[in-house]
Structures are given as C-alpha cells and as structure tokens.
There are 2 protein chains.
Amino acid sequence: RYFHFCKLPGRVMGIRLLRFTSVVIIVLLLVAGALTALLPSIKDDKMPNLRREPKAPSQPALDAFTLIMQTYNRTDLLLKLLNHYQAIPHLHKVIVVWNNVGEKIPEDTWNSLGPHPVPVIFKVQTVNRMRNRLQNFPELETKAVLMMDDDTLVSAHDLAFAFSVWQQFPEQIVGFVPRKHISTPSGVYTYGSFELQSPGSGKGDQYSMVLIGAAFFHSGYLEDFQKQPEAVYALIDETQNCDDIAMNFLVAKNTGKSSGVFVKPVDIRNLEKDTNSGYSGMWHRAEHLLQRSYCVNKLVNIYDGMPLKYSNIMISQFGFPNYANHKNKM
Amino acid sequence: RYFHFCKLPGRVMGIRLLRFTSVVIIVLLLVAGALTALLPSIKDDKMPNLRREPKAPSQPALDAFTLIMQTYNRTDLLLKLLNHYQAIPHLHKVIVVWNNVGEKIPEDTWNSLGPHPVPVIFKVQTVNRMRNRLQNFPELETKAVLMMDDDTLVSAHDLAFAFSVWQQFPEQIVGFVPRKHISTPSGVYTYGSFELQSPGSGKGDQYSMVLIGAAFFHSGYLEDFQKQPEAVYALIDETQNCDDIAMNFLVAKNTGKSSGVFVKPVDIRNLEKDTNSGYSGMWHRAEHLLQRSYCVNKLVNIYDGMPLKYSNIMISQFGFPNYANHKNKM
C-alpha cells in the first residue's frame with residue numbers, strides 16, 4: 001500500500017532531514033564564501049627581496065655594503081681607488097667588474113700586496129658592456145650596494161654618512177650626483193643638470209635622478225634589473241650609456257616616489273686626469289648628453305610613461321665638517 | 001513487520017543520508033574555522049589620527065596647515081608677524097593663543113584692517129600657561145600644525161619648503177631649531193646645543209629634539225598630548241618651560257624614531273629686541289637652560305626611560321637660494 005505507516009515516517013523523515021541538511025550546508029557554504037572574501041589578498045612585493053627572506057637576515061647583510069666597481073682601461077686608477085675604498089667602514093666585500101676583455105686581472109699584484117681588509121673579487125667579463133655592472137652577482141651578500149665609477153673618489157666621511165642615510169631610505173638610490181629631466185611643450189624630454197631651467201613653479205631647482213656611479217642602492221634592484229624589457233638592454237648596449245637612467249626609471253616605477261635621495265658630498269673628486277692610460281671616460285664623447293636625452297625619451301616609450309618624480313630634498317651631515325654648520329642668527 | 005520492504009530503504013537511506021550530511025557539515029565547519037583563523041587581526045594604530053578617518057580627507061585637511069601662535073606681552077610683535085604669516089602659501093587658518101589674561105584681544109584693530117587672507121581666531125586664556133598652546137583646539141581643521149613663537153620670523157620660502165618636507169615625514173616634528181641631550185657617566189642628562197660635546201663616536205654632531213616654537217607637526221599630537229601623565233603638566237606648569245621637550249618625548253615614544261627632522265633655515269630672525277613692551281622672553285631667565293636639563297631628567301623618570309633618538313640629517317632646499325648650491329668639483 002502507498003500509505004503504509006512505515007513508509008511515511010521514513011519518507012517524511014527523509015525529506016525533512018534532506019531539507020534541513022540542505023539548508024545547513026547552504027548556510028555553511030555562504031559563511032565559508034564570506035570568510036574567503038575577507039582573507040587578505042596576496043599583494044606583489046614592492047620592495048625587491050626585502051620581505052622575501054624567510055629567516056632572520058645575518059649581521060653583514062644589514063649593517064654592511066658591497067662595493068661594485070666596473071673598470072675599463074684605467075687599472076692605475078682602479079688600484080689607487082681600491083686602496084682607499086677597501087678601508088671604508090661597514091664595507092663587506094668589493095666586486096670589481098673587469099671590462100678589460102682579454103687582459104689578465106691584476107690578481108698577482110693584488111695578492112702580493114696583501115693582506116687586505118676585505119675580500120676583493122675580480123669578475124672577468126667576456127664582452128665590454130656598460131651594463132655588466134648591473135648583473136645580479138652571486139657573491140653579493142649584503143642588502144646594500146655601493147656603486148662607484150672607477151675614476152671617482154668620495155671621502156670615507158661622505159660614504160659613511162650616505163650609507164647611514166640609505167639605511168633610512170632603503171628603497172631609493174642614495175647618492176652624490178643629482179640630475180634631472182625636463183619636459184617641453186612638444187612632449188619631448190631633455191636630460192641635464194642645474195644649467196637647465198627648473199621644473200615646477202616653486203622656488204629653487206629639482207632633481208629627478210641620482211646617478212648610480214656614486215650611490216648606494218638596494219641589491220634587490222640588481223635582481224629586478226634582470227627582468228626588464230629586452231628593449232632596455234638593447235638601448236644600453238646601443239649607446240654604451242644610460243644604464244643609470246634605466247635604473248632610475250626602474251626604481252621610480254617600483255616605489256612611486258622620487259628614485260633618488262641626494263646627499264651633498266663634502267669631498268668628491270674626479271681622478272680622470274690622473275690616469276696614465278690616456279683614456280678619459282665616456283662622458284667626454286661629443287654625443288654623450290644628447291644620447292642621454294635620447295635615452296630618456298626611448299625609456300618613456302618602452303615603459304609607456306614617465307615614472308621619474310622630482311625632489312628638492314638635499315641632505316647634509318649635521319655638524320660636519322663644521323661643528324656648527326647649522327648655526328643661524330637666532 | 002520489522003523488515004518491511006518500504007521501511008528498509010527509508011531507514012537505510014535515512015541513515016546514509018544522515019551520515020553523509022554529518023560528514024559534509026563537519027567538513028564545512030572545519031573549513032570555516034580555518035578561514036576564520038586566516039583573517040587579518042586588527043592592529044593598534046600607531047599614527048595619531050592619520051588612519052582613523054573613515055571618509056576621504058578633504059582638500060584643506062591635507063594640503064594646508066594651521067598656524068598656532070601663543071602670545072604674551074608682545075602684541076606689537078604679534079601684529080607684525082601676523083601681517084607676514086597670514087600670507088604664507090598653504091596656510092588655512094591662524095589660531096592666536098592669547099595669554100594676556102584680562103587684556104582685550106585686538107579684535108577691533110584686526111577687523112578694521114581687513115579683509116585678511118585667512119581667518120584668524122583669538123583664543124582667550126584664563127591662566128597664563130606655557131602649555132596653553134598645546135590644547136586640542138576644535139577650530140583645527142588641518143592635519144598639519146605650524147607652531148611659531150611670537151618673536152620668531154621665518155621667511156615664506158623656508159616655511160613653504162619645510163611644509164613640503166613635513167608632508168614627507170608627517171610623523172615627525174619638522175622644524176628649524178635643533179637641540180640635543182647628552183648623557184653622562186653618572187646617568188644624569190644635560191640639555192643643550194652644538195656647544196655641548198657630540199654624542200656617539202662618529203663624525204659631526206647629532207640632535208635629538210626639534211623645538212616646536214618654529215616647526216610643523218601632526219595635529220594628532222595635540223590630541224595625544226591631552227593623554228599624558230599628570231606629572232608632565234605639573235612639570236611644565238612648575239617651570240613655565242619644557243612643553244617642547246615634553247612634545248619631543250611624546251613623538252619619540254610614539255614613532256620609535258628621532259622625534260624631529262631638522263630643516264636648515266635660510267632666513268630666520270628673532271624679533272625680541274624690536275618689541276616696545278620691554279618684555280624679552282623666557283629664555284633670558286638665568287635658570288632657563290638648567291631648567292631644561294632638569295626637565296629632561298624629570299621626563300625620563302615620568303616616562304621610565306629615555307625615548308629620544310639622535311639624528312644627523314640636515315635638510316636644505318636643492319637649488320635655493322643659489323641655483324647651483326649643490327655644485328661640486330666633479
């Protein structure tokens with residue numbers, strides 16, 4: 001019979017149970033969905049490498065820096081500068097990027113004049129490229145890189161101070177040589193220094209780049225540099241120039257802030273004229289500055305926009321070299 | 001009959017359904033529990049007020065500042081300075097803290113010489129207290145406060161630049177007058193300026209305070225100041241001094257960083273000698289500096305520790321007043 005007594009409870013109970021459990025399941029699924037929506041989304045790391053370390057960073061990693069110095073045809077200056085730079089406080093290691101293709105590194109000379117305060121590693125290059133210094137060297141153990149041109153002498157005091165400033169602005173290029181771009185009504189950019197008109201309507205000047213030939217920056221940016229569009233490498237190789245402008249574009253895009261922080265040097269010198277090699281550096285080429293304006297415009301194309309930002313912050317060391325260098329008429 | 005055919009399916013189906021749904025419910029509850037555990041926890045706000053705004057802040061709140069100027073017995077200087085300060089770019093409003101108890105505010109004079117660029121509000125005080133200027137004035141609409149002594153003239157260029165610097169360091173006191181404390185082997189602190197020995201082992205000097213008598217700081221700190229231990233107010237009232245030292249302690253404790261950022265002024269002047277009142281300011285009292293050392297030690301007791309941190313960062317404006325003030329021998 002259809003309405004057998006035993007069937008009814010089973011069927012009714014079955015249907016009620018089914019309904020009840022369906023409702024419970026639906027409610028739980030909605031709760032689960034709501035909780036999932038509240039989970040924090042995984043954001044891209046803005047800081048290169050800074051937060052990817054799973055373990056606590058070791059002492060040298062944070063409190064010291066690695067000097068990377070590229071050299072071409074000025075070994076006498078290189079050795080002179082190495083004597084100076086090898087003793088800078090907080091220096092962990094020196095990496096010499098040897099662009100003298102086919103020429104032996106001065107390792108015997110170097111070793112015979114030991115011991116030395118820090119390890120110095122010569123990285124032999126197979127092609128003489130400007131961007132060789134922007135490789136992500138495996139020997140790099142510190143978070144900070146000090147990059148110096150092989151003809152630039154900066155005092156230990158300036159470097160010690162600038163390193164302490166970098167530690168307060170680790171996302172930016174902290175250095176001694178400010179430059180800027182300006183835009184023109186035609187939309188074409190020009191690269192230059194203080195001799196160019198000042199951008200903006202306020203008083204004073206602005207800078208939008210800090211050159212990496214005398215600057216501290218985060219080693220993570222070397223890793224990031226390996227991931228740039230091919231056109232960037234092609235541009236640098238074509239001009240044998242502009243690697244520093246490209247780095248400023250990279251940093252500005254990464255931070256959304258000005259790429260650099262300018263520290264006014266007390267004692268910075270160019271030793272070019274002191275070399276025996278007769279080689280006088282790329283910036284003496286007639287087309288050097290025009291090339292750099294060219295690079296700015298090309299990079300804007302490649303990156304589809306102008307990421308560089310202006311700053312007018314100039315940092316000096318309080319009470320040095322004059323112990324009351326902040327004194328005023330008050 | 002117990003094993004009636006229709007009962008079996010109902011009961012078996014019921015049991016299976018029950019088991020199945022129980023399992024499903026348990027699994028969903030576990031998932032819900034896991035998701036809840038992954039939700040972000042609510043952290044305490046470190047920035048006073050900065051992130052508590054539920055709605056988007058209005059334009060004046062962010063791009064402008066309020067001048068708070070306390071005045072006692074130098075109404076001639078006050079009016080002279082108001083003529084200057086009322087026209088500073090980005091000024092939203094002026095709050096004059098009128099410590100001339102019993103004396104009428106110069107409202108008639110002020111109004112008869114209108115119109116004025118911004119509103120100026122005179123807050124009549126009932127007691128002549130140094131800390132009157134650190135009230136959380138309801139008229140305050142901006143995130144930034146510019147606090148000036150009533151005898152200090154700072155150029156508009158310096159103020160415009162320092163305001164832009166404050167916008168980059170909103171947690172700190174950005175101003176023109178650096179001071180420091182030094183510790184001694186006995187553990188007793190001394191307060192002073194560059195004439196004191198430099199702390200630390202590096203080159204140059206350090207500062208650990210920026211005085212609020214010529215500085216920008218976040219208006220949230222006025223709110224925070226109302227929540228300090230009673231002993232702090234008693235100290236300031238007892239000495240009629242040290243409200244600025246107390247503010248530096250508060251900011252340093254709040255940020256864990258140096259309380260101030262020093263901006264080197266191009267043109268700052270003390271107009272004390274120009275007053276007709278003959279009143280020459282608290283800092284001429286014989287015990288002024290000794291009192292301030294006394295205050296540093298008392299505040300260390302009250303706050304159970306020394307929160308002030310040293311800095312040697314000195315900020316100037318790039319390319320101003322000299323368009324190549326960063327030029328070097330390179």
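The values are calculated or read from the model by the stated rules, or taken from the named source; none is laboratory data. Please read all numbers here as calculations on a predicted model, not as lab measurements. Methodologically, a virtual Cβ is constructed for each residue, glycine included, from the backbone with ideal geometry; neighbour enumeration extends over all protein chains shown. Note: accessible area is taken over every heavy atom of the protein model, side chains too, but ligands, DNA and RNA are not part of it. Shrake-Rupley method; radii C 1.70, N 1.55, O 1.52, S 1.80 Å.
Summary of packing: across the peptides B:129-142, B:266-279, B:248-261, the per-residue average of other C-beta atoms within 10 Å ranks them, highest first, as B:248-261, B:129-142, B:266-279. In terms of the mean number of neighbouring beta-carbon atoms within 10 Å, the peptides B:311-320, A:304-313 order highest first as B:311-320, A:304-313.
Taking the label point 7 Å along Cα→Cβ, B:Ser22 and its counterparts in the other copies are spaced 2.2 nm apart, in ascending order. Here the translational diffusion coefficient of chain A follows from Stokes-Einstein with Rh set to the Kirkwood radius across Cα pairs; for 4 °C and 1.567 mPa s it amounts to 56 µm²/s. Entry note, chain B: relative contact order of 18 percent, from Cα contacts under 8 Å with a spacing of 6+ residues. More than 34 Å apart: what percent of Cα pairs in the protein assembly as shown qualify? That tail contains 57 percent of the Cα-Cα pairs.
Annotation: A:Thr36 carries an accessible surface of approximately 70 Å², with a 1.4 Å probe and no ligand, DNA or RNA atoms counted.
Counting every Cα pair in the range A:179-231, what percent are over 13 Å apart? When every Cα pair of the range A:179-231 is considered, 70 percent fall beyond 13 Å.
For the range B:138-297, the relative contact order is 34 percent, taking Cα pairs closer than 8 Å that sit 6 or more residues apart in sequence and dividing their mean separation by the residue count. Label-to-label distances for B:Leu62 across copies, nearest first, come out at 3.2 nm, using points 7 Å from Cα in the beta-carbon direction. The range B:86-108 and the range B:273-327 have Cα centres lying 24 Å from one another. Taking every Cα-Cα distance in the range A:87-160 and sorting them into 10 Å bins from zero, the calculated P(r) comes out as 15, 47, 35, 3 percent.
Across the cross-link table entries A:Lys93/A:Lys227; A:Lys257/B:Lys309; B:Lys227/B:Lys253; A:Lys227/A:Lys253; B:Lys80/B:Lys180; B:Lys143/B:Lys273, which are compared at the Cα atoms, the separations over 23 Å belong to A:Lys93/A:Lys227; A:Lys257/B:Lys309; B:Lys80/B:Lys180; B:Lys143/B:Lys273. Relative to the other identical copies, B:Gly278 shows label-point distances of 8.4 nm, where the label point lies 7 Å from Cα along the Cβ direction and values run shortest first. Accessible area per residue was computed with a 1.4 Å probe on protein heavy atoms; A:Phe122 scores about 30 Å². Averaged over the residues of A:115-128, the number of partner chain Cβ atoms lying within 10 Å of the residue Cβ comes to 0. According to the square roots a ≥ b ≥ c of the eigenvalues of the Cα gyration tensor, what is the shape class of the range A:240-301, taking rounded for a/c under 1.5, prolate for a/b larger than b/c otherwise, and oblate for the remainder? Cα axes put the range A:240-301 in the oblate bin. Kindly identify the range B:148-290 as rounded, prolate or oblate by the Cα gyration tensor criterion: order the square roots of the eigenvalues as a ≥ b ≥ c, call it rounded if a/c is under 1.5, otherwise compare a/b with b/c, prolate if a/b is larger, else oblate. Rounded shape, in that the Cα axes give a/c under 1.5. Per residue of peptide B:308-315, the mean number of Cβ atoms on other chains within 10 Å of the residue Cβ is 5.
Straight-distance candidates among the aspartates and glutamates for linking to A:Lys327, with alpha-carbon spacing under 17 Å and chain neighbours fewer than 8 residues away dropped: B:Asp158, B:Glu195, B:Asp205, B:Asp267. For the peptide B:252-264, the mean number of other protein chain Cβ atoms found within 10 angstrom of a residue's Cβ is 1.
In the protein assembly as shown, the DSSP-assigned H stretches of four residues or longer account for a calculated mean residue ellipticity at 222 nm of -10500 deg cm²/dmol, using -39500 (n - 2.57) per stretch and the full residue count as denominator.
Within the full protein context, the accessible area of A:His284 is estimated at about 90 Å² for a probe radius of 1.4 Å.
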